[in-house]
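Single-structure report; data block below.
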Amino acid sequence: MRGRTAHAIARLTANARPAPSAFICVVRAFAVFSASPRGRKACPRIRLETTTMDAKPGPDLERMRHSCSHVLAAAVLKLFPDAKLGVGPATDTGFYYDIQTTVPLTTEDLPKIEAEMRKIRERKLPLVRSEVPVKDAVAFMEKTGQSFKVELLELLATRGSTAAKGLDDPNLVDAGAGGVSSVSFYTLGDFTDLCRGPHVEHTGQVGAFKLTKLAGAYWRGDSRNPQLTRVYGTCWANEQDLKAYLHRVEEAEKRDHRKLGAAMGLFHLQEEAPGTVFWHPKGWTLFRTIERYMRTRLEADGYVEVKTPQLVDRVFWEKSGHWANYRDAMFVAKPGKEGEEEDRLYAIKPMNCPGAVQIFRQGQRSYRELPLRLAEFGACHRYEPSGALHGIMRVRAFTQDDAHIFCTEDQVPAESRKFCDLLRVIYKDFGFADLLVKFSDRPELRAGSDETWDKAEAALEAGSKAAGLETIRNPGEGAFYGPKLEFVLRDAIGRDWQCGTLQVDFVLPERLDASFIGEDGAKHRPVMLHRAILGSFERFIGILIENYAGRLPTWLAPIQARTVPIADRHAEFAREVARRLMASELPQTDGGIRVDVDDSTERMQKKIRNAQLEQIPYMLVIGDKEQAEGRVAVRLRSGKDLGSMAIEDVIARIKAEVGTRTDIVEPAAETAKTT
RNA sequence: GCCGCAGUAGCUCAGGGGUAGAGCAGCGCAUUCGUAAUGCGCGGGUCGGGGGUUCAAUUCCCUCCUGCGGCACCA
């Protein structure tokens, strides 16, 4: 968000419509749910809302959506009179209501509920607010059997807030010390709900809506509580906006890395290996390109690379604390003949840090070696809950761009700063400019004393200050061994992805007894910084695919150019051109330009179509003319025709794009169909 | 893990108590073509696995697996 003008944001968020020339920009701070699959944790952020000056006057969207959730609840109660209601707030695109019914709701009920909702809208029922003493409110909800509402009322009476923890419900948070003595009710026909409001005046003002999905949701977000059925809907000012939204959802689906990744031939997943990726040649080329790039950056920044074992005795994990905290999520192995397995139980590493400590512990370390930056492209396995798996974004086997920096407490600020600088350069190279940083402090379940945590949090605070970061507090979300900074980047369609992390750890060096000899000749404990920039390669590649909608910049594209001979007699020259491109040495890579030849018997038009669909940056067409002149006709995937070019000029251009990691933008390059 | 939904050819999808069909892709032949689909032909499926009901199951029921959308989780 930073560094963007309000106008740019308006354009980003204006549903692909041109940005209005005049608009009002309202800045509001409130809790929004992050779209990051890292979790839909509440992530407070400044949000810009834009409204056009010439926008039609009408009820505020959020208010309308909130009212729409009441309409939903009223409709459900009409159809299922014994339904118990949970909470029903507005969301970024609509609303939901959590409902418990004796017979579970199914998707077949949705059209019926929708029809009932329309009836309510047509009747233009007023939404009437009333102030009610808590005692009376409880009596009313008890009488109507709304036990969840009674629970909410009790929370309001004692705490003045219904928030489960922290900032988790933007619509119900009204945090204030102490309880309240009265609450507000809203009545809509014969349906009365506990609600803070505000609402539209009557149900006729509820715009175009559609119920979109059903899902289970734990009461008050706690898996120990009963699960209610959450009915999701979307709601817009008018039919046109609703249609535009549904269209946008469809467009976003086309970016889905699972679909694109398969279509681009990058990888596949299959039943027998849930949550693990089969990388195909093109996908692995992309993976290695990123790995090579990271290695170059890390080496330049004073890291040394290591590799630690996959399988380590459980005793080791007990020592590190992982066994106690994460045993359920670890894969274990007992080798040996069936019935005669070895006594020792091994676990596949879920993290790289204990391994890194072992390397640090070998021999006697001196303060002169610090800071020691041990990088590892470590492959970790975690038995993630089945419901969490998602394409290659959330998997059970993944490769981290991990590193552990062993240093003194005094070195933490400088190392933090150095890390943040590196992180920013790398994100920029991948095309991400927007960055948000969260500061996660001590969780409830943790290792180490409070004094240690005080020290660690203070050190990280100093580090983030040294790096010049503005951070957002994320209470209780630190790792069990230390507090962390979390780096969130924003993609081309405004979604947030948490990727990087920097964690200060005083605990593991202690537990695993790491030490160095200081200037004073005495033994000291090092501080350990855990850090990652991409997070996991698998997830980051998924993010890249979605961010670029498959159209990876030339430096990352698995195939950068394809020669397209028009007829068989041009094939030999096409192969010759490809050989020349392959022989050209690209900057910062091991090889030449990644090029192939389409010498199939298809017509040229079909070959171009195929290259387009594969999002290949350069199509080098070769016919009689080109062959005679020793040149190629260059077409970009944007549809732009660069005309006839000398082969060395094509090579120079691709080299330039790879060298700067930025594609050359052609001004008139927008003729291509979007597919 | 929990709630809801889904699984039919490599892909997208149709069908339905009497053992399956389209388009694309693939293969073969013809075509040798100037910037997003040349024509003709051919092959391809234990209808996710297991169990049950039935004269008969891909279709109905149960169960398991996997995936999808959420919830919870995410060192």
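The values are calculated or read from the model by the stated rules, or taken from the named source; none is laboratory data. Here the structure is a predicted model, which means the values were calculated and not measured. All Cβ positions, even for glycine, are placed from backbone atoms using ideal geometry, and neighbour counts span all protein chains on display.
Can you find a residue that is buried (at least 20 other Cβ atoms within 10 Å of the Cβ), within 12 Å of RNA strand B (Cβ to nearest atom), among the hydrophobic types (A, V, I, L, M, F, W, C) and assigned to a loop (DSSP other than H, G, I, E, B) anywhere in the range A:445-464? Yes, the range A:445-464 contains a residue that is buried (at least 20 other Cβ atoms within 10 Å of the Cβ), within 12 Å of RNA strand B (Cβ to nearest atom), among the hydrophobic types (A, V, I, L, M, F, W, C) and assigned to a loop (DSSP other than H, G, I, E, B).
Just one of the listed residues (A:Arg490, A:Arg495) is farther than 24 Å from A:Gly302 by Cα and touching a helix residue (DSSP H, G or I) at 6+ places or on another chain (Cβ under 9 Å), namely A:Arg495. On the given criteria, is A:Gly336 within 23 Å of A:Val395 (Cβ to Cβ), in contact with an Asp or Glu (Cβ under 9 Å, 6 or more places away or on another chain) and not in a strand (DSSP E or B)? No, not satisfied.
If the condition is being in a helix (DSSP H, G or I), of a type outside the set (Phe, Trp, Tyr) and within 29 Å of A:Gln498 (Cα to Cα), then the range A:535-585 contributes A:Glu538, A:Arg539, A:Ile541, A:Gly542, A:Ile543, A:Leu544, A:Ile545, A:Glu546, A:Asn547. The residues of the range A:110-125 that are surrounded by 14 or more Cβ atoms within 10 Å (Cβ to Cβ) and not in a helix (DSSP H, G or I) amount to a single one, A:Leu125.
The single condition among (1) β-branched (Val, Ile, Thr); (2) crowded, with 24+ Cβ neighbours inside 10 Å; (3) in contact with a Phe, Trp or Tyr (Cβ under 7 Å, 6 or more places away or on another chain) that A:Val507 does not meet is (2).
Residues that are in contact with a Cys (Cβ under 8 Å, 6 or more places away or on another chain), among the hydrophobic types (A, V, I, L, M, F, W, C) and away from RNA strand B (no atom under 16 Å from the Cβ) within the range A:318-373 comprise A:Leu370, A:Leu372, listed in sequence order.
Matching residues to (1) free of Cβ contacts under 8 Å to residues at least 40 places away in the same chain; (2) of a type in the set (Val, Ile, Thr):
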site	(1), (2)
A:Arg579	yes, no
A:Ala583	yes, no
A:Ile593	no, yes
A:Asp598	yes, no
A:Asn610	yes, no
A:Leu620	no, no
A:Glu626	no, no
A:Val634	yes, yes
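Hand me the list of strands (runs of 3 or more DSSP E) wholly inside the range A:586-646 holding 1 or more residues that are buried (at least 19 other Cβ atoms within 10 Å of the Cβ) and within 8 Å of RNA strand B (Cβ to nearest atom). First the steps, then the outcome.
Numbers: elements: A:595-597, A:618-622, A:631-636, A:641-646.
Passing ranges, in order: A:618-622, A:631-636.
Would the range A:447-456 turn up any residue that is under 22 Å from the mean Cα position of the chain (by Cα) and modelled with pLDDT under 95?
Looking through the range A:447-456, none of the residues is under 22 Å from the mean Cα position of the chain (by Cα) and modelled with pLDDT under 95.
Yes/no matrix, rows are residues, columns are (1) over 22 Å from A:Tyr245 (Cα atoms); (2) within 12 Å of RNA strand B (Cβ to nearest atom); (3) modelled with pLDDT of 95 or more; (4) not acidic (Asp, Glu):
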position	(1), (2), (3), (4)
A:Thr52	no, no, no, yes
A:Asp60	no, no, no, no
A:Arg63	no, no, no, yes
A:Asp109	yes, yes, no, no
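Inspect the range A:655-663 for any residue being surrounded by 17 or more Cβ atoms within 10 Å (Cβ to Cβ), of a type outside the set (Asp, Glu), assigned to a helix (DSSP H, G or I) and within 16 Å of RNA strand B (Cβ to nearest atom) and give the result as yes or no. So far as the range A:655-663 goes, no, none of its residues is surrounded by 17 or more Cβ atoms within 10 Å (Cβ to Cβ), of a type outside the set (Asp, Glu), assigned to a helix (DSSP H, G or I) and within 16 Å of RNA strand B (Cβ to nearest atom).
If you go through the range A:264-283, how many residues are more than 22 Å from the chain's Cα centre (by Cα) and not in a loop (DSSP other than H, G, I, E, B)? Give the steps one after another, and end with the answer.
Just the residues of the range A:264-283 that are more than 22 Å from the chain's Cα centre (by Cα), to begin with: A:265, A:270-273, A:280-282.
Filter again for not in a loop (DSSP other than H, G, I, E, B), leaving A:281-282.
Total satisfying the criteria: 2.
State whether one or more residues within the range A:342-357 are closer than 23 Å to A:Thr276 by Cα and acidic (Asp, Glu). No - not one qualifying residue is present in the range A:342-357. Residues in the range A:411-444 that are crowded, with 21+ Cβ neighbours inside 10 Å and more than 24 Å from the chain's Cα centre (by Cα) were compared, and the one that is nearest to A:Ile533 (Cα to Cα) is A:Glu415.
Please find, among A:Glu291, A:Glu299, A:Glu305, A:Glu338, the residue that is modelled with pLDDT under 95 and either among the acidic types (Asp, Glu) or surrounded by fewer than 18 Cβ atoms within 10 Å (Cβ to Cβ) (or both).
Numbers: A:Glu291 fails: modelled with pLDDT under 95; A:Glu299 fails: modelled with pLDDT under 95; A:Glu305 fails: modelled with pLDDT under 95.
A:Glu338 is the lone residue from the list that is modelled with pLDDT under 95 and either among the acidic types (Asp, Glu) or surrounded by fewer than 18 Cβ atoms within 10 Å (Cβ to Cβ) (or both).
Name the residues in the range A:135-150 that are over 19 Å from A:Pro198 (Cα atoms) and assigned to a helix (DSSP H, G or I), would you? Those that are over 19 Å from A:Pro198 (Cα atoms) and assigned to a helix (DSSP H, G or I): A:Lys135, A:Asp136, A:Val138, A:Ala139, A:Phe140, A:Met141, A:Glu142, A:Lys143, A:Ser147, A:Phe148, A:Val150.
Within the range A:352-370, being surrounded by fewer than 20 Cβ atoms within 10 Å (Cβ to Cβ), free of Cβ contacts under 8 Å to residues at least 60 places away in the same chain and touching a strand residue (DSSP E or B) at 6+ places or on another chain (Cβ under 7 Å) holds for one residue alone: A:Ile359. Among residues of the range A:181-233 being among the polar types (S, T, N, Q) and under 14 Å from A:His70 (Cβ atoms), the one that is surrounded by the most Cβ atoms within 10 Å (Cβ to Cβ) is A:Thr203.
Taking the range A:173-212 as the range and being at pLDDT below 90 and within 16 Å of RNA strand B (Cβ to nearest atom) as the test, only A:Val173 passes.
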